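No lab work stands behind these numbers, since they all come straight from the coordinates. All figures in this text were calculated on a predicted structure; none of them were measured in a lab. Reconstructed Cβ throughout: ideal geometry from the backbone, glycine too, with neighbour counts over all protein chains shown.
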Amino acid sequence: MPEAKLPTGPSSDLRPLDAPQCPLCGQPNACVPSASGRFDGACWCTELTLPPALFARLPESARGTACICRACALAAGARPRDPG
Ligand SMILES: [Zn+2]
């Protein structure tokens, strides 16, 4: 069966970056989209609310290039997201 093609838009080629390491500590960030190359898997980060201060700690060159690991997120005060 041919693969169904969705209408293409400017963001339809968006792919997770191949960046499996935390830019803060260099440890594996366990980023599911980065590992799988798809955005449709649940990642640990979707269960947490990451504080803006966490991103402020990143050097500008690292912003938007890799996910932070869970340990750094929790150390920076990430909280479990409210259910629902
Ligand atoms: Zn880290």
For region 38-44, take each phi angle, set θ = phi - 60°, evaluate the Karplus expression 6.51 cos²θ - 1.76 cosθ + 1.60, and give the result in whole Hz per residue in order, putting x for glycine and proline.
9, 9, 8, x, 6, 10, 4
Descending semi-axes in whole angstrom, ellipsoid equivalent of region 41-84, from the Cα gyration tensor:
19, 12, 9
Where the Cα atoms of region 10-84 are projected onto their three principal axes, how long is each span, largest first, in whole Å?
34, 32, 23
Mind listing the phi-derived Karplus ³J(HN,Hα) values for region 18-26, rounded to whole Hz, using 6.51, -1.76 and 1.60 with θ = phi - 60°, and x for any glycine or proline?
7, 9, x, 10, 5, x, 8, 10, x
Where in region 58-78 does the label zone of LEU48 land, with the point 7 angstrom along Cα→C-beta and an amide N cut-off under 20 Å?
58-60, 62-78
Sorted by chain and number, the residues with a modelled amide H under 5 Å from that of GLN21, at a separation of 5 or more or across chains, are ASN29
Can you list the residues, at least 5 places off or on another chain, whose amide H is less than 5 Å from the amide H of THR49, using H built in the peptide plane?
ARG79, ARG81
Table column - 3J(HN,Hα) (Hz), region 66-73, Karplus curve with 6.51, -1.76, 1.60, x for Gly and Pro
7, 7, 8, 7, 4, 4, 5, 4
Net charge contributed by nearby residues that have their C-beta within less than 12 Å of PRO23 (K/R +1, D/E -1):
+1
